[in-house]
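In what follows, a structure is listed as structure tokens, so that the remarks can point back to it.
The values are calculated or read from the model by the stated rules, or taken from the named source; none is laboratory data. In this text the structure is predicted, and so the values were computed from the model without any measurement. Cβ coordinates were reconstructed from backbone atoms using ideal geometry, including for glycine residues, and neighbour counts include every protein chain displayed. These accessible areas exclude ligands, DNA and RNA; they are computed on the full protein's heavy atoms, side chains included. Shrake-Rupley method; radii C 1.70, N 1.55, O 1.52, S 1.80 Å.
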Amino acid sequence: QVQLVESGGGLVQAGGSLRLSCAASGRTFSSYRMGWFRQAPGKERELVAGISRSGGSTYYADSVKGRFTISRDNAKNMVYLQMNSLKPEDTAVYYCAADLRVRSSDSYDYNYWGQGTQVTVSS
């Protein structure tokens with residue numbers, strides 16, 4: 001199993017940037033496909049970005065394409081989400097997720113979840 005802890009959320013003005021980090025436990029981090037999801041009040045959880053085990057394949061939701069970048073450092077057991085040009089509609093709780101199953105980077109199939117970190121973008 002893997003345990004995930006997110007950090008880096010906060011309050012930022014529209015147009016600003018934040019970098020979310022997710023620290024994973026365990027010695028087999030490179031075996032996990034990783035993703036960042038978000039959930040705003042009253043809305044369904046949305047896959048924002050996904051990254052393959054090697055980092056060679058990524059996926060972005062249309063709403064964040066060109067503004068967000070997902071990356072991972074398998075040596076440090078870390079996955080990141082760099083968020084630029086933030087908009088009020090990006091306000092949500094952001095979750096890091098991990099899964100061992102072989103799926104494409106845009107898959108919603110994840111078994112392991114972090115506790116979430118709040119991102120609030122003011123207008």
query: Based on Cβ point charges of +1 for Lys and Arg and -1 for Asp and Glu, what charge dipole magnitude is obtained for the chain about its Cα centre, in debye rounded to the nearest 20?
result: 280
FRET E, pair residue 40, residue 78, Förster distance 22 Å, beta-carbon r, rounded to 0.05: 0.30
- prompt: Under the classification rounded if a/c is under 1.5, otherwise prolate if a/b is larger than b/c and oblate if not, where does the stretch 25-73 fall, given a ≥ b ≥ c as square roots of the Cα gyration tensor eigenvalues?
  reply: oblate
- line: Here, GluC sites (Glu not before Pro) of the stretch 1-99 satisfying both criteria (DSSP loop; at most 13 other Cβ within 10 Å) are 44
- request: Can you tell me the order of 50-56, 99-105 when each peptide is scored by its average per-residue count of other Cβ atoms within 10 angstrom, highest first?
  value: 50-56, 99-105
task: With all protein chains present, calculate the accessible area of residue 93 using a 1.4 Å probe and round the result to the nearest 10 Å².
output: 40
message: How large is log10 of I(q)/I(0) for the stretch 46-123 at q = 0.14 Å⁻¹ when the intensity is taken from the Debye formula with one equal scatterer per alpha-carbon?
response: -0.46
message: Could you derive backbone 3J(HN,Hα) for the stretch 73-83 from the dihedral phi with the Karplus parameters 6.51, -1.76 and 1.60 (θ = phi - 60°), listing whole Hz in sequence and x where the residue is Gly or Pro?
response: 10, 5, 6, 9, 6, 10, 10, 10, 9, 8, 10
query: Of the beta bridges DSSP finds with both residues in the chain, what % are antiparallel, to the nearest 5?
result: 90
field: Accessible-area composition of the chain, carbon plus sulfur, in percent [1.4 Å probe]
entry: 45
task: Would you work out if the stretch 59-99 is rounded, prolate or oblate? Take a ≥ b ≥ c from the square roots of the eigenvalues of the alpha-carbon gyration tensor; rounded if a/c is under 1.5, else prolate when a/b is larger than b/c, oblate otherwise.
output: prolate
field: Pairwise label distance in nanometres, residue 61 with residue 115, each label 7 Å out on the Cα-Cβ vector
entry: 2.3
message: Along the Cα→Cβ direction, 7 angstrom out, place labels at residue 13 and residue 85. What is the inter-label distance in nm?
response: 1.9
message: Taking the solvent-accessible surface of protein heavy atoms with a 1.4 Å probe, what is the per residue accessible area of the stretch 22-111 in Å²?
response: 48
